[in-house]
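The values are calculated or read from the model by the stated rules, or taken from the named source; none is laboratory data. Source: prediction; values computed, not measured. Glycine also receives a Cβ, built like all others from the backbone with ideal geometry; neighbour counts cover every protein chain displayed. Note: areas computed on protein heavy atoms with side chains; ligands, DNA, RNA excluded. Shrake-Rupley method; radii C 1.70, N 1.55, O 1.52, S 1.80 Å.
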2 protein chains.
Amino acid sequence: ITPADMLAVVEPGVVTMTLRDAVRKMGLFYPPDPASLDVSTLGGNAATNAGGPACVKYGVTRDYVLGLEAVLPSGELLRAGAATRKGVVGYDLATLLVGSEGTLGIITRLFLKLIPHPRATRTALALFPDPERAVAAVGAVMTSGITPSCVELMDHRCLSLVAGDLPFPPPGGRASLLLIETDGDEAAAEADMAHVVAVCRGMSADQVLPAGDEAARERMWRARRSISLRVHESAALYVSEDVAVPLSRIPELLVAVEALQCEHGLLTYAFGHAGDGNIHLNMTAATCDTEATRRMENMVEKVLRAVLDLGGTISGEHGLGMAKRRFAPLELSPASLALQKGLKKLFDPGRIVNPGKLFP
Amino acid sequence: ITPADMLAVVEPGVVTMTLRDAVRKMGLFYPPDPASLDVSTLGGNAATNAGGPACVKYGVTRDYVLGLEAVLPSGELLRAGAATRKGVVGYDLATLLVGSEGTLGIITRLFLKLIPHPRATRTALALFPDPERAVAAVGAVMTSGITPSCVELMDHRCLSLVAGDLPFPPPGGRASLLLIETDGDEAAAEADMAHVVAVCRGMSADQVLPAGDEAARERMWRARRSISLRVHESAALYVSEDVAVPLSRIPELLVAVEALQCEHGLLTYAFGHAGDGNIHLNMTAATCDTEATRRMENMVEKVLRAVLDLGGTISGEHGLGMAKRRFAPLELSPASLALQKGLKKLFDPGRIVNPGKLFP
């Protein structure tokens, strides 16, 4: 870590949290914060272009990779990008490797941009009568003239699972939450949060509960972070989709998903990075027999088609991997797929790195 | 422009300033601000991944291109990226097209991310006894815990050309300037500027002159923006390099350039986006005979080699085009060049779009 250059040069196996903690001691900030940041590695984050709650203000992993070194399938070492904050020499191979899911080469070193650590953070939960009003408030907050550092959604079904972790009695009904943060210098974080609170109240929030201290803040985040696991534990069959839509279309997305889950007899939990339009839809069934699996498959495809009809993308931050690769042609045109397969062939004619990922 | 999605969908021929002005009326901000923003087009900005003074805080054009449409050399239309704020479906072809200088396809539509317009800006000139102390102060400002929205350098030679545009008597000698801005809400912009002023004074600034109003600010920027033209007018032979180095290496870069220009009998003007380590080095000669041209060619190559030795890149924001393409092999390894030529061939086997650019 070179504070004078606001730069970290790391091996791919460094755990994200380790870097975050190390640079924080120097007053610096490495923003990308996937939910798995205490176990996921920076190499993996770069290979998947990982996101997280802070992306709504600070951008994704790609925005912090200035350059990298990778071993190509040929065995040659590729140095791409630079250790500088700007660079436009040739095609941007560093950014192409970021998010390529290990299918073009193996990242062996990363040059990561650091920024000053925000001096203060304000955190609050805003409770709305139903998920539709909660997501309508997301749009209102995001277009109100400030950029919060997090806008996370937990719908009523998620709340029913994590009620015990919440700092208030279970709200019941279809009540849904936004977890919102602002940051900056002390006064700005405070002023921005006051602004957010006013916007939420204007959008029919029943309550806005500020986190009084770091322990209260940690408790709010624990509730948010435990959702995925609790959903997984609650169901026999579980499929997680990771769609993103333009901000104004989030309400339509939730309405469409609600209708589809009734039609298919499935239970869907909606949560995640609403400020980016990036909603995690976890679809579950109580049984995992053939018939439930078939209903699930039908619903997944219909959800993804609905997302694309809303101008969205089928994966905001999780990528295609093997699980979603069959859906790539829903979003990518034949011209795009042909170029992408050509890229794979150019880098890896023998198909030896991470075979089977991204494309069949 | 869809304020509810914080999105602009534009044709490539829209002039950058036109979009900036249009979204500003809606309280929104399109940050990338090349010096030519009143004439350059958004399509050109995307094709070259244009930068500008605001990039030090807000990033470059690439960071605002969510998606795009382009006509491929085959005549097919490519839709890449999405209209969402996040997306990781397949290889990032949108970002690959950004900065490809028209050599992979012709951009026909852009989906651009917008953010809230900062409510207040503070501007100041900081005058240092010499360029070495000015650039040392750049590092001090950038690592002092805040991110200014601009940190522009004008060295003593630039000042001698634009002295009439400055809001004070010509300082003379080797006195050099930083033009610094902070932004955010009113209080934060003010507090951050007070912080910057204190850091500059601590780094031996002779004077720090705040811009009292918009007219004073405009006058400061006019001086900064007129440098390129004035340098061009002042010399018979003129070559502009656009290097970037890690922040801590800027002082060494200026020392190296000073020595090289004495050795080659040339006059070099250093200015530009010092907060990004992106210094524009304009090298000039009083005559343009064969002998001066030879000296210039020697110096250019030595400067670029010095930049690479300092861990830098030979182009921070202007790209290779035709003028600099012969230097690509100085920075890019054979493995990188082979992949880049393979990319060109994949997209454009007949070499019909923008032939001769980037690579010989």
Exercise for the section: Assuming a ≥ b ≥ c are the square roots of the Cα gyration tensor eigenvalues, decide whether the stretch A:235-351 counts as rounded (a/c under 1.5), prolate (otherwise, with a/b larger than b/c) or oblate. Expected result: oblate
Exercise for the section: Report, in debye and to the nearest 20, how large the dipole of the protein assembly as shown comes out about its Cα centre when Lys and Arg carry +1 and Asp and Glu carry -1 on their Cβ. Expected result: 1300 debye
Problem - Solvent-accessible area buried by pairing B with A, both sides, nearest 100 square angstrom, 1.4 angstrom probe - result: 6100 Å²
Practice task
Kindly flag which residue pairs out of A:344/B:345; A:113/A:345; B:25/B:57; A:341/B:57; A:324/A:344; A:57/A:113 have an alpha-carbon separation exceeding 25 Å in this structure.
Solution key: A:113/A:345; A:341/B:57
Practice task
With θ set to phi - 60°, apply the Karplus curve 6.51 cos²θ - 1.76 cosθ + 1.60 along the stretch A:204-221 and write out the HN-Hα couplings as whole Hz, x wherever there is a Gly or Pro.
Solution key: 6, 5, 6, 8, 10, 10, x, 7, x, 8, 4, 5, 5, 4, 4, 5, 4, 5
Completion exercise
Of B:241-253, B:281-293, ordering from highest average Cβ density within 10 Å down gives B:241-253, B:281-293
Fill in the blank from the handout: The Cα extents of the protein assembly as shown along the principal axes, largest first and rounded to whole Å, are 83, 56, 42
Practice task
Tell me which residues come under 5 Å, amide H to amide H, from residue B:108 once H is placed; ignore anything under 5 positions away on its chain.
Solution key: B:69, B:70, B:71
Problem - Separation in nanometres of the label points that stand 7 Å from Cα toward Cβ, at residue B:232 and residue A:39 - result: 5.8 nm
Completion exercise
One decimal, nm, nearest first: from residue A:116 to the same residue in each other copy, label points 7 Å out along Cα→Cβ, the values are 1.9
Handout entry: Partner chain coverage, peptide A:175-185 - average Cβ within 10 angstrom
Key = 1
Practice task
Return the sequence-ordered ³J(HN,Hα) values of the stretch A:183-190 in whole Hz as given by the Karplus equation 6.51 cos²θ - 1.76 cosθ + 1.60 applied to θ = phi - 60°, using x for Gly and Pro.
Solution key: 8, x, 6, 3, 5, 5, 4, 5
Fill in the blank from the handout: Across A:96-104, the residue-averaged tally of Cβ atoms belonging to other chains within 10 Å stands at 3
Exercise for the section: Name the long-range amide H neighbours of residue A:90: under 5 Å, sequence gap of 5 or more, or other chain; modelled H, no Pro or chain starts. Expected result: B:320
Practice task
Quickly work out the residue B:267-to-residue A:255 label distance, labels modelled 7 Å from Cα along the C-beta direction, and quote it in nm with one decimal.
Solution key: 6.8 nm
Completion exercise
Debye calc, one equal point scatterer per Cα of the stretch A:3-116, no solvent, log10 I(q)/I(0) at q = 0.12, 0.17, 0.21 1/Å comes to -0.37, -0.75, -1.15
Handout entry: Dipole magnitude (debye, nearest 20) for chain A, charges at Cβ of Lys, Arg, Asp, Glu
Key = 760 debye
Problem - ³J(HN,Hα) computed for each position of the stretch B:32-37 - Karplus, 6.51 cos²θ - 1.76 cosθ + 1.60, integer Hz, glycine/proline x - result: x, 9, x, 4, 8, 5
Fill in the blank from the handout: If the chain between residue A:218 and residue A:186 were fully extended at 0.36 nm per residue, the gain over the current Cα-Cα distance would be 9.6 nm
Completion exercise
Over its alpha-carbon atoms, chain A yields an Rg and a Dmax in Å of 20.9, 60
Problem - Mean accessible surface per residue for the protein assembly as shown, computed with a 1.4 Å probe while every protein chain stays in place, in Å² - result: 36 Å²
Practice task
Could you calculate the FRET efficiency of residue A:302 with residue B:326 from 1/(1 + (r/R0)^6), where r is the beta carbon distance between them and R0 is 60 Å, rounded to 0.05?
Solution key: 0.65
Exercise for the section: Evaluate the stretch B:116-172: find the radius of gyration of its Cα atoms, find its Kirkwood radius, and give the ratio Rg to Rh. Expected result: 1.02
Problem - Built amide H within the under 5 Å cut-off of residue A:54, gap 5+ - result: A:33
Exercise for the section: Taking the Cα atoms of the stretch B:119-225, report the difference between the largest and smallest coordinate on each principal axis, in whole Å and largest first. Expected result: 36, 28, 18
Practice task
With label points built 7 Å along Cα→Cβ from the Cα atoms of residue A:291 and residue B:9, find their separation and express it in nm.
Solution key: 4.3 nm
Problem - Cα centroid separation - the stretch A:238-263 against the stretch A:97-125, whole Å - result: 27 Å
Practice task
Pop out the carbon and sulfur fraction of the accessible area of the stretch B:15-109 as a percent, whole number, probe 1.4 Å.
Solution key: 54 percent
Completion exercise
For the stretch A:118-226, the accessible surface attributable to carbon and sulfur atoms (probe 1.4 angstrom, ligands and nucleic acids excluded) amounts in percent to 54 percent
Exercise for the section: Work out the charge dipole of chain B with +1 on the Cβ of Lys and Arg and -1 on the Cβ of Asp and Glu about the Cα centre, then indicate which of B:71, B:303, B:8 is farthest towards its positive end. Expected result: B:71
Handout entry: Normalised alpha carbon radius of gyration of the stretch B:69-126 [divisor 2.2 N^0.38 Å]
Key = 1.59
Problem - Cβ-vector label at 7 Å, residue B:263, separations to other copies in nm - result: 7.2
Fill in the blank from the handout: Env charge @ residue B:190, Cβ radius under 11 Å, K,R +1 / D,E -1, value -4
